[in-house]
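All remarks here apply to the structure that follows.
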Amino acid sequence: MFKIALLGAGRIGKIHAANAMAHQALTLSHVVDPVAASAEALAAETGAAVAALETVLADGGVDGVIVASSTDAHLDHCLAAAAAGKAIFCEKPLDMDLGRARAAAAQLRDARLFLGFNRRFDPSFRALKARLDAGAAGALETLQITSNDPAPPPVSYVKVSGGLFKDMAIHDFDMARWLLGEEPSEVFAWGSCLVDPAIGEAGDIDTARTMLKTASGKLCVIANSRRSGFGYDQRIEAYGAAGMVRADNATESTVQVWREDGAAADRFQNFFLDRYAAAYRAEMAHFADILAGKAEPAIGYADGVAALALAEAAAQSLKTGRPVSL
């Protein structure tokens with residue numbers, strides 16, 4: 001059994017705690033959170049001990065940490081855990097600032113750092129990737145990634161999120177890199193505030209279209225909105241020389257009703273905790289394999305920096321109205 005500590009007892013921290021508890025090779029030993037009530041509540045549910053970060057890092061019996069703290073603390077917590085020799089499972093993004101993230105290369109480049117871009121572990125998206133790699137659509141030419149939330153988050157969240165590109169679209173930037181098979185070399189982004197005026201007043205956008213282009217000419221369009229109007233909308237279409245490979249939305253059931261006036265299907269799964277439940281479980285299993293020495297991190301420091309670079313390039317393009325070269 002590998003002992004792991006959880007940094008952050010919020011919404012995503014609770015998901016990771018449950019998955020760690022359910023894995024036969026892992027035991028959740030400590031919960032760390034600056035909000036004492038949150039740490040105590042989760043510790044009571046899991047049987048873990050409430051502890052300070054310094055205590056966890058100094059404990060030689062703790063094999064790894066899950067960094068699910070506030071986004072602005074991710075990098076500092078990763079650096080501290082790496083210095084203590086712990087394996088690290090860090091939620092995205094690595095940091096809010098590309099310069100800070102790049103400056104941590106010496107400490108994190110060779111660390112056992114697994115970055116939580118969970119969509120790479122989604123069964124449907126993994127199957128799509130496998131079909132592409134097997135040449136089902138021929139040589140990949142263009143990619144369409146659609147990611148629309150069911151409803152906008154509270155403005156209080158928007159103000160500390162880092163903005164749509166770093167908070168929301170960064171998942172899609174990572175997916176684009178993974179599926180394209182080569183790094184984007186040019187970024188162009190358009191954005192608007194069409195959903196909630198308060199988001200615009202907070203200095204952010206809620207709707208965006210981002211175009212990525214690789215050196216070989218492959219194109220990717222990423223469509224983001226904070227409101228779909230019909231549920232959590234997660235789709236990918238990959239077009240190649242011989243056809244298309246598509247991964248569609250997941251519904252709450254496969255039941256359909258067919259009548260004279262048409263067909264009706266069930267609703268889409270509700271937001272990311274449901275839609276990507278299997279992906280979160282698979283992530284935790286991968287982290288267990290990392291701890292056991294059975295695998296190297298599938299997504300590491302360099303991936304986190306690359307996705308953040310695309311997010312900052314998109315924001316710069318939006319601001320200037322011009323493409324940004326990488």
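Rundown of residues vs (1) open to solvent by 40 Å² or more (accessible area, probe 1.4 Å); (2) in contact (Cβ under 8 Å) with a residue 12 or more places away in the chain; (3) within 30 Å of residue 132 (Cα to Cα); (4) under 18 Å from the mean Cα position of the chain (by Cα), yes/no style:
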| residue | (1), (2), (3), (4) |
| --- | --- |
| 153 | no, yes, no, yes |
| 165 | no, yes, yes, yes |
| 168 | no, yes, yes, yes |
| 175 | no, yes, yes, yes |
| 179 | no, yes, yes, yes |
| 182 | yes, yes, yes, no |
| 194 | yes, yes, no, no |
| 219 | yes, yes, yes, no |
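Quick check on my filter: what residues within the stretch 55-74 are under 20 Å from residue 91 (Cα atoms) and either open to solvent by 70 Å² or more (accessible area, probe 1.4 Å) or of a type in the set (S, T, N, Q) (or both)? Give the steps one after another, and end with the answer.
So in the stretch 55-74, the residues under 20 Å from residue 91 (Cα atoms) come out as 56-57, 62-74.
69, 70, 71, 72, listed by residue number.
Restricting to strands (runs of 3 or more DSSP E) lying wholly in the stretch 211-257: which have 2 or more residues that are over 30 Å from residue 316 (Cβ atoms)? Outline the logic, then answer.
Working: elements: 219-225, 233-240, 243-247.
Counting at least 2 such residues, we get 243-247.
So for the stretch 119-141 (the condition being in a strand (DSSP E or B) and in contact (Cβ under 8 Å) with a residue 24 or more places away in the chain), does at least one residue qualify?
First pass over the stretch 119-141, keeping only residues in a strand (DSSP E or B): 140-141.
Now drop any that are not in contact (Cβ under 8 Å) with a residue 24 or more places away in the chain, which leaves 140-141.
Checking the stretch 119-141: at least one residue is in a strand (DSSP E or B) and in contact (Cβ under 8 Å) with a residue 24 or more places away in the chain.
Which pairs do you get when a residue that is farther than 20 Å from residue 143 by Cβ and among the β-branched types (Val, Ile, Thr), found in the stretch 245-262, comes within reach of a residue that is open to solvent by 50 Å² or more (accessible area, probe 1.4 Å) and outside any loop (DSSP other than H, G, I, E, B), reach meaning Cβ atoms under 9 angstrom, with the pair 6+ apart or on two chains?
The qualifying pairs are 251/265; 251/268; 254/265; 255/265; 257/263; 257/264; 257/265.
If I ask for residues that are more than 16 Å from residue 171 (Cα to Cα), open to solvent by 20 Å² or more (accessible area, probe 1.4 Å) and within 15 Å of the chain's Cα centre (by Cα), which ones from the stretch 266-285 would you list?
So in the stretch 266-285, the residues more than 16 Å from residue 171 (Cα to Cα) come out as 266-270, 274, 278, 281-282, 284-285.
Now drop any that are not open to solvent by 20 Å² or more (accessible area, probe 1.4 Å), which leaves 266-270, 274, 278, 281-282, 285.
Once the filter is applied, which keeps residues that are more than 16 Å from residue 171 (Cα to Cα), open to solvent by 20 Å² or more (accessible area, probe 1.4 Å) and within 15 Å of the chain's Cα centre (by Cα), the stretch 266-285 yields 274, 278, 281, 282.
Just a yes or no: is a residue in the stretch 102-110 buried (at least 20 other Cβ atoms within 10 Å of the Cβ) and in contact with a Ser or Thr (Cβ under 8 Å, 6 or more places away or on another chain)? Spell out the reasoning first.
The first filter runs over the stretch 102-110 and keeps only residues buried (at least 20 other Cβ atoms within 10 Å of the Cβ), leaving 104, 108.
Going one step further and asking which of them are in contact with a Ser or Thr (Cβ under 8 Å, 6 or more places away or on another chain), we end up with none.
So far as the stretch 102-110 goes, no, none of its residues is buried (at least 20 other Cβ atoms within 10 Å of the Cβ) and in contact with a Ser or Thr (Cβ under 8 Å, 6 or more places away or on another chain).
Looking at the stretch 78-99, I want the residues that are closer than 17 Å to residue 59 by Cα and have a partner that is among the β-branched types (Val, Ile, Thr) and in a helix (DSSP H, G or I) with Cβ atoms under 8 Å, at least 6 apart or on another chain. Which pairs are those?
Note: pairs meeting the criteria are 87/290.
Across the stretch 123-138, what is the number of residues that are out of contact with any Lys or Arg (no Cβ under 9 Å at 6 or more places or on another chain), open to solvent by 50 Å² or more (accessible area, probe 1.4 Å) and either more than 20 Å from residue 274 (Cα to Cα) or not hydroxyl-bearing (Ser, Thr, Tyr) (or both)?
Of the residues in that region, 6 qualify.
Which of the residues belonging to the stretch 249-265 are in contact with a strand residue (DSSP E or B) (Cβ under 7 Å, 6 or more places away or on another chain), exposed (fewer than 13 other Cβ atoms within 10 Å of the Cβ) and not hydrophobic (A, V, I, L, M, F, W, C)?
Answer for the stretch 249-265, where residues must be in contact with a strand residue (DSSP E or B) (Cβ under 7 Å, 6 or more places away or on another chain), exposed (fewer than 13 other Cβ atoms within 10 Å of the Cβ) and not hydrophobic (A, V, I, L, M, F, W, C): just 256.
Could you list, in sequence order, the residues of the stretch 196-255 that are among the aromatic types (Phe, Trp, Tyr) and within 23 Å of residue 275 (Cβ to Cβ)? Explain how you work it out, then say what you get.
Start the filter on the stretch 196-255 by keeping residues that are among the aromatic types (Phe, Trp, Tyr), which leaves 230, 232, 239.
Scanning the stretch 196-255 gives 230, 232.
Before we move on, is residue 31 of a type outside the set (Lys, Arg), closer than 23 Å to residue 273 by Cβ and either crowded, with 21+ Cβ neighbours inside 10 Å or touching a residue at least 40 places away in the same chain (Cβ under 8 Å) (or both)?
Working: of a type outside the set (Lys, Arg): yes; closer than 23 Å to residue 273 by Cβ: yes; either crowded, with 21+ Cβ neighbours inside 10 Å or touching a residue at least 40 places away in the same chain (Cβ under 8 Å) (or both): yes.
So residue 31 fits the description; yes.
The values are calculated or read from the model by the stated rules, or taken from the named source; none is laboratory data. Model, not experiment: these values are computed from the prediction. Glycine gets a Cβ as well: all are built from the backbone with ideal geometry, and neighbour counts include every protein chain shown. When the accessible area is computed, the model is the full protein with side chains, heavy atoms only, and any ligands, DNA or RNA have been set aside. Shrake-Rupley method; radii C 1.70, N 1.55, O 1.52, S 1.80 Å.
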